[in-house]
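Novice: My questions all concern the structure below.
Nothing in this text is a laboratory measurement; each read-out follows from the coordinates by a stated rule. In this text the structure is predicted, and so the values were computed from the model without any measurement. Virtual Cβ from ideal backbone geometry, glycine too; neighbours counted across all protein chains shown.
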Amino acid sequence: MRLPAADVSDDALDDAARALRDARRVVALTGAGISADSGLPTFRGAKNGLWQRFAPEDLATPEAFAREPDLVWAWYQWRRALVARARPNAGHVALVEIERRAPAFTLVTQNVDGLHRAAGSRNVITLHGELMTDRCSGCGNETPCDVDPSFADAPVERLDPARCVDCAAPLRPAVVWFGERLPAGALEAAAEAASAAELLLVVGTSGVVYPAAALAPLAQRSGARVIVINTDPAAPPGMLELRGPASELLPRLVSLAW
Ligand code: BV8
């Protein structure tokens, strides 16, 4: 599926590139949109086939897993199969270049797909956990998950969760579900980076999930310039909006800045 090309003026891009080049402390906050061009469905975008009748908030909760573990586990095994065949795109790679060039850079991601680290980003704060890791719902033991690639194109609707080899309790993905705390220290580190940022790039997020969504207003209140990169109109007042795919706009921004 080809995304609409960027709809952004040269002046806006030049303005953003200058801000990027001049900023000493840069922070990027990313969401599912940056992985869209790696073939991964976003949370609130067009619904995908089997799961179109569920909202993420219906399935990504401890209550849903307790009530219907086979439904929730099957959803994650489908998503894991998609992530297993996904590769970082030019947007992920552009953020690696920004980390190399900027005097100080912090990447804060809501994504659980691991594509930022796969692209080479190093200073990454992962707010919502790791999809490709299993955590035992009993003893808490964490292990890399198994993936059945066939689920990518032929997902099953129900599948009993795998069991822990140590205590036989059901495994769950090592992600933060709605109603669960973020990993210890992650939000604090992200808020510290956002408060100190001179420039915050908000890339591919609908800004509806808290507390992550509070980071952009926090940065703005602390004096940062905020640039929003999104295919949809998503920029609150006072933030510069670059409308278009992150995989196109981020590389253009980097090439204009340096
Ligand atoms: C918690 C892991 C407290 C699971 C996810 C106020 C304060 C605190 C909490 C709340 C609050 N209000 C409500 C809450 C509760 C809740 C919440 O925010 N609910 C929402 C629905 C209102 N928050 C929580 O429960 C959080 N926990 O606060 O705990 C606590 C305290 C004490 C004790 C106990 C608890 C936990 C939230 C984490 C949930 N887990 N993921 C999983 O993946 O299965 S969230 C999930 O949504 C993903 O991580 C995802 O990244 C995230 C955000 O979505 P987006 O990334 O923005 O994706 P989306 O599809 O929405 O948007 C994509 C965007 O990209 C769009 O704008 C689109 O236009 C754009 N786009 C598309 N293509 C492109 C593009 N842009 C650029 N280029 C493209 N090519």
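Novice: Compute the Kirkwood hydrodynamic radius of the stretch 65-200, taking the inverse of the mean of 1/r over all pairs of distinct Cα atoms, and give it in Å to one decimal.
Specialist: The Cα-based Kirkwood calculation yields 16.4 Å.
Novice: I'd like the antiparallel share, as a percent to the nearest 5, of DSSP beta bridges with both residues in the stretch 135-246.
Specialist: Of all bridge pairs located within the stretch 135-246, approximately 30 percent are antiparallel.
Novice: Compute the projected area of the convex hull of the Cα atoms of the stretch 164-258, averaged over all viewing directions, and report it in nm² to one decimal place.
Specialist: On the way: hull surface 35.5 nm².
Result: a mean projected hull area of 8.9 nm².
Novice: Quick check on the chain: helices-only [θ] at 222 nm, where DSSP H runs of length 4 and up contribute -39,500 (n - 2.57) each and the sum goes over total residues. Nearest 500, please.
Specialist: Rounded to the nearest 500, it is -9500 deg cm²/dmol.
Novice: For the chain, take the longest principal axis of its alpha carbons; what is the angle in degrees between that and the long axis of helix 69-84, to the nearest 10 within 0 to 90?
Specialist: 50 degrees
Novice: Turning to a different aspect of this structure: Rounded to the nearest 0.05, what FRET efficiency do F178 and R85 give with R0 = 35 Å and r taken as the Cβ-Cβ distance? Could you check?
Specialist: 0.85
Novice: Dividing the alpha-carbon Rg of the stretch 67-116 by 2.2 N^0.38 Å yields what?
Specialist: It is 1.58.
Novice: Another question, then. With charges only on Cβ, +1 for K and R and -1 for D and E, what is the dipole size of the chain about its Cα centre, in debye, rounded to 20?
Specialist: In debye, rounded to 20, the chain gives about 340.
Novice: Within a Cβ distance under 14 Å of P88, other residues only, what is the Lys/Arg minus Asp/Glu net charge?
Specialist: Net local charge, P88 excluded: 0.
Novice: How far, in nm, would the chain grow between D146 and D160 when pulled straight, counting 0.36 nm per residue and subtracting the alpha carbon separation?
Specialist: Numbers: separation 14, 0.36 × 14 = 5.04 nm, distance 1.35 nm.
Length gained between D146 and D160: 3.7 nm.
Novice: Could I ask something else about it? Sort V93, V202, V83 so the one with the fewest other Cβ atoms within 10 Å of its own Cβ comes first. Spell out each step's value before the answer.
Specialist: Working: V93 16, V202 27, V83 23.
Final ranking by Cβ density, sparse to dense: V93, V83, V202.
Novice: By counting other Cβ atoms within 10 Å of each Cβ, how are W258, W78 ranked from fewest to most?
Specialist: If I rank by nearby Cβ atoms, fewest first, I get W258, W78.
Novice: Let me ask something else about it. Between Y210 and R67, how high is the FRET efficiency from 1/(1 + (r/R0)^6) when r is the Cβ-Cβ distance and R₀ = 22 Å? Nearest 0.05.
Specialist: The calculated FRET efficiency here is 0.40.
Novice: Using the Cα atoms of the stretch 76-147 to build a convex hull, what is its mean projected area in square nanometres?
Specialist: That works out to 5.4 nm², a quarter of the Cα hull's surface.
Novice: Now for a different question. Between helix 10-22 and the chain, what is the angle of the helix's C-alpha long axis to the longest principal axis, kept within 0 to 90° and rounded to the nearest 10?
Specialist: The angle comes out at about 80 degrees.
Novice: For the chain, take the longest principal axis of its alpha carbons; what is the angle in degrees between that and the long axis of helix 246-257, to the nearest 10 within 0 to 90?
Specialist: Helix 246-257 sits roughly 30 degrees off the main axis of the chain.
Novice: Considering the chain, what Rg and Dmax in Å follow from its alpha-carbon atoms?
Specialist: Here Rg and the maximum Cα pair distance are 18.6, 60 Å.
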